[in-house]
Every structure is written in C-alpha cells, then in structure tokens.
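One structure is given here, and the rest of the page talks about it.
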Amino acid sequence: MSDNVPGFWTKLKRPSTRYSLLALLSVGFVCGVLFWGGFNTAMEATNTLDFCISCHEMRDNVYQEYKTTIHYSNRTGVRAYCSDCHVPKDWGHKMMRKIQASQELYGKIMGTISTPEKFEAKRLELATHEWARMKASDSRECRNCHSFSAMDIEKQKARASKMHKLGQEDKKTCIDCHKGIAHRKPKNMPEEPDED
C-alpha cells in the first residue's frame with residue numbers, strides 16, 4: 001500500500017480521460033447538495049420537541065416541569081420549545097452547541113441521570129453548566145424573543161419595571177435573574193442575594 005501512495009496522488013491530480021470536467025463538477029455539486037440537505041435535515045430533526053423528549057430522562061423530568069410554565073402555556077398562545085432556549089439560531093453557534101450536546105449523551109449512555117433520584121442529584125451541576133453557557137452568550141437565546149429594546153418597561157408591573165431598569169444599568173443578562181423560569185431550581189442550590 002505504501003508503495004502505491006505516490007502513484008495514487010499522481011492519478012488523483014491527473015485530469016480524467018473518461019469523464020469531462022463539467023461532468024465531474026456536476027456530480028460533485030449534486031453530491032454536495034445532497035450531503036448538505038441531509039446534514040441540515042438531520043440537524044433540524046434534533047431541534048424538535050419530539051426528539052428532545054424521546055428519552056425518558058427529559059420526558060419524565062424537565063419536560064413535566066416545563067409544561068407548567070408560561071413558556072409552554074400562556075394567554076397569547078406563543079410556545080417556546082426546548083431548542084428555542086437551548087440551541088442558538090445562527091449556524092456557527094448552533095454547531096458548537098450540537099457538539100457540546102453530543103458530549104452530554106455520556107450521561108444517557110452511562111445512566112448517570114437514568115432515574116428521578118439520579119437526575120435530582122445531578123440537577124445543580126446540569127443547571128450550573130447551562131446557566132454559565134447562557135450567561136457567556138449574554139442570554140442570546142432568551143433575546144431571540146425578549147429584548148430590552150423591544151420592552152415597554154413603563155407598561156410592566158412596578159417590580160418588573162424596576163428590576164429591568166436596574167438590570168439594564170448593571171449590564172445584567174436574563175439568566176442573572178430568571179433562573180428557574182422554565183424548569184424548577186435545584187433543591188440544593190445556594191441562596192442568591194435578593195435583588196430588591
């Protein structure tokens with residue numbers, strides 16, 4: 001095999017005598033479109049609610065909590081799905097998040113969160129990782145739907161208006177104050193100072 005390596009590269013670089021350059025480019029283009037279409041379809045399939053709750057760890061734990069929140073059911077009928085909060089929209093950040101999420105499959109494979117008790121034992125660690133990710137991105141996924149520039153702070157309830165004004169002044173991000181908005185906070189979470 002090693003004797004044929006230089007010959008292989010030479011053949012690869014030589015123009016084809018059997019196929020035209022146009023035919024080769026056309027086949028390459030079609031293969032590229034098919035690959036990209038398949039890859040993109042697979043990526044989007046992993047952003048669906050059905051995919052997210054296909055494992056019992058998510059379906060039986062965080063999904064049940066999410067169904068009791070305003071992100072699931074509200075007066076306007078707008079619903080935020082798992083991917084709306086946990087997967088960035090732009091391609092580069094989305095791919096980085098998908099790679100991170102593939103590492104999270106380790107918990108599924110090893111059974112570290114396979115029972116409600118095991119999940120509760122890991123909840124603080126899991127939540128801390130997600131909160132850190134959200135803080136590092138300035139709560140990018142929250143801001144897809146909520147942004148200070150689109151808020152009419154004067155129409156908010158007094159406490160919300162006050163806290164949002166303070167948040168803007170202190171350059172806080174959504175997750176600084178809104179932990180536990182879509183999922184229950186961990187029971188063993190250290191107390192945070194009250195923002196009032």
message = Residues that are exposed (fewer than 13 other Cβ atoms within 10 Å of the Cβ), at pLDDT 90 or above and part of a helix (DSSP H, G or I): does segment 169-179 have at least one?
response = yes
task = Looking only at segment 141-149, decide whether some residue is more than 21 Å from the chain's Cα centre (by Cα) and either part of a loop (DSSP other than H, G, I, E, B) or not β-branched (Val, Ile, Thr) (or both).
result = yes
ask   = Is there any pair linking a residue in segment 126-152 that is in contact (Cβ under 8 Å) with a residue 60 or more places away in the chain to one that is of a type in the set (A, V, I, L, M, F, W, C) and surrounded by 12 or more Cβ atoms within 10 Å (Cβ to Cβ), with Cβ under 7 Å and at least six apart or on different chains, and which?
value = Cys145/Ala80
query = Are any of the residues in segment 34-45 under 26 Å from the mean Cα position of the chain (by Cα), among the hydroxyl-bearing types (Ser, Thr, Tyr) and either part of a helix (DSSP H, G or I) or at pLDDT below 90 (or both)?
reply = yes
query = For segment 115-150, how many residues meet the condition of being surrounded by 15 or more Cβ atoms within 10 Å (Cβ to Cβ), over 12 Å from Lys179 (Cβ atoms) and of a type in the set (S, T, N, Q)?
reply = 1
inquiry  = When you scan segment 89-112, do you find a residue that is at pLDDT 90 or above, assigned to a helix (DSSP H, G or I) and farther than 30 Å from Asn40 by Cα, even just one?
reply    = no
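The values are calculated or read from the model by the stated rules, or taken from the named source; none is laboratory data. Predicted model only: the values in this text are computed from it and were never measured. A quick note on method: Cβ atoms are made from the backbone with ideal geometry, for glycine too, and the neighbour counts reach across all protein chains shown.
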